[in-house]
Amino acid sequence: MGAIYLIRHGQASFGAGDYDKLSPLGEEQAAVLGRALAARGVRPDLVVCGDMLRHRETASGCLAAMGLATPWQTDPAWNEYDHEMMIEAYRPRFRSKAVMMAELAATLQPRRAFQDIFAEAMRRWISGEHDADYAESWPAFCTRVTGAVQRLRERLGKSQTALVFTSGGPISAVIRDRLALADERTARLNWTLANAAVTKLIYSERGLYLSSFNEHAHFEHEARLISYR
């Protein structure tokens, strides 16, 4: 059996000028993950990385902690969906980031308020009723991720191991295909993914299968390391 480890990026910088950059906690999560993978004896034959900054920084920190100088290959098909596009289609006034941040800051719990808005924006996106409003519709996103999985599988030889540094959206889309989940259930699944968690697929000549989902026991010794956004 071969193995594909889908790794969600570490915590990004919510509320900062550059959300895409890892937070200090995200950097620590990447290093802890790398040490955990090394302890498990994971030695990748291939490393693939989305081309978002948080993907690259997670890959760099993780591989360094594993003691590997393995170069990765970039595939933008593993990039996250455009959450700003989704939010702006749902609430057009949020095209102004200043307006959005001011409204969130006026709430008692800005992170919770953002999560509620984001959940509604996602429901609108996946409903299929407003596809013309988006540069990339939900079906197009799922097709993009399916293509990324197929290309990766075709490149792997028998019983090889790959690490893929990506985001929660693509990982959820992969699980959707493996378990034949409904779109709404896939969206809910996305909220449960921990930062720098591991989802493992195994493959053989018979097919590609889900082995484990959202593993983050490597953080359970210290609860502060567990985050979801």
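Shown for 203, 19: other C-beta atoms within 10 Å of each C-beta, ranked fewest to most, produce the order 19, 203.
Quick one: if the Förster radius is 41 Å, what FRET efficiency do residue 1 and residue 109 give, using the C-beta to C-beta distance and rounding to 0.05? List each step's numbers first, then the result.
Numbers: r = 45 Å, r/R0 = 1.09.
Efficiency, rounded to the nearest 0.05: 0.40.
With runs of 4+ DSSP H residues as the only contributors, calculate the mean residue ellipticity of the chain at 222 nm using -39,500 (n - 2.57) per run, divided by the residue total and rounded to the nearest 500. Walk me through the intermediate numbers first.
Numbers: 8 runs with 101 residues, N = 229.
The per-residue figure over the chain is -14000 deg cm²/dmol.
In order along segment 107-116, phi translates into HN-Hα couplings of 8, 6, 9, x, 5, 5, 4, 4, 4, 5 Hz, rounded to whole numbers, per the Karplus curve 6.51 cos²θ - 1.76 cosθ + 1.60 with θ = phi - 60° and x for Gly and Pro. Here the 3J(HN,Hα) profile of segment 123-136, calculated from phi with Karplus coefficients 6.51, -1.76 and 1.60 at θ = phi - 60°, is 4, 5, 4, 7, 5, x, 8, 9, 4, 5, 7, 10, 5, 9 Hz, Gly and Pro shown as x. Among 206, 155, 178, sorting on how many other beta-carbon atoms sit within 10 Å of each Cβ, with the fewest leading, yields 206, 155, 178.
Rounded if a/c is under 1.5, else prolate if a/b beats b/c, else oblate: with a ≥ b ≥ c from the C-alpha gyration tensor eigenvalues square-rooted, which is segment 53-170?
oblate
Here the spin labels are modelled as points 7 Å beyond Cα on the Cα-Cβ line, and at residue 228 and residue 156 they lie 2.8 nm apart.
Measuring spread by the Cα atoms of segment 168-207 yields a radius of gyration and Dmax of 11.1, 32 Å. Note on residue 140/residue 21: beta-carbon distance plugged into 1/(1 + (r/R0)^6) with R0 of 41 Å gives a FRET efficiency of 0.95.
Taking only the alpha carbons of segment 103-229, we obtain Rg and Dmax values of 16.8, 55 Å in that order. Using the Cβ of residue 141 as centre and a radius below 10 Å, the other residues enclosed give a net charge of -2, where K and R count +1 and D and E count -1. For residue 211, the residues whose amide H sits under 5 Å from its own are 200, 201, 202, ignoring neighbours fewer than 5 places away on the same chain, with H placed 1.01 Å from N. How large is log10 I(q)/I(0) at q = 0.12, 0.15 Å⁻¹ when the Debye formula is applied to the Cα atoms of the chain, each weighted equally and without solvent? Treating every Cα as an identical point scatterer, log10 I(q)/I(0) equals -0.66, -1.02. Each residue of segment 74-81 was assigned a 3J(HN,Hα) from its phi angle through the Karplus expression (A = 6.51, B = -1.76, C = 1.60, θ = phi - 60°), giving 8, 9, x, 5, 8, 5, 5, 5 Hz with x at Gly and Pro. Assuming 1.306 mPa s and 10 °C, estimate D for segment 1-121 with Stokes-Einstein, Rh taken as the Kirkwood radius over Cα pairs, in µm²/s. The Stokes-Einstein estimate is 98 µm²/s.
Counting every pair of alpha carbons in segment 9-73, the share spaced more than 17 Å apart comes to 38 percent. Dividing the mean sequence gap of close Cα pairs (under 8 Å, 6+ apart) by how many residues segment 1-92 holds gives a relative contact order of 27 percent.
Residue exposure proxy: 127, 137, ordered by other Cβ atoms within 10 angstrom of their Cβ from fewest to most, comes out as 127, 137. Local charge for residue 113 was computed over the other residues whose Cβ lies under 13 Å away, with Lys and Arg +1 and Asp and Glu -1, and equals +1. Please give the FRET efficiency for residue 102 paired with residue 73, using the beta carbon to beta carbon distance and R0 = 41 Å, rounded to the nearest 0.05. Computed FRET efficiency for residue 102 and residue 73: 0.50. Take each peptide in 212-221, 65-74, count the other Cβ atoms within 10 Å of every residue, and average; sorted highest first, the result is 212-221, 65-74.
Based on alpha-carbon atoms, the Kirkwood radius and the radius of gyration of segment 120-176 give Rg/Rh equal to 1.08.
We did not get these values from a lab; they are worked out from the coordinates using the rules stated. Because the structure is a prediction, the values reported are computed rather than measured. Here the Cβ is made from the backbone with ideal geometry for all residues, glycine too, and neighbour counts use every protein chain on show.
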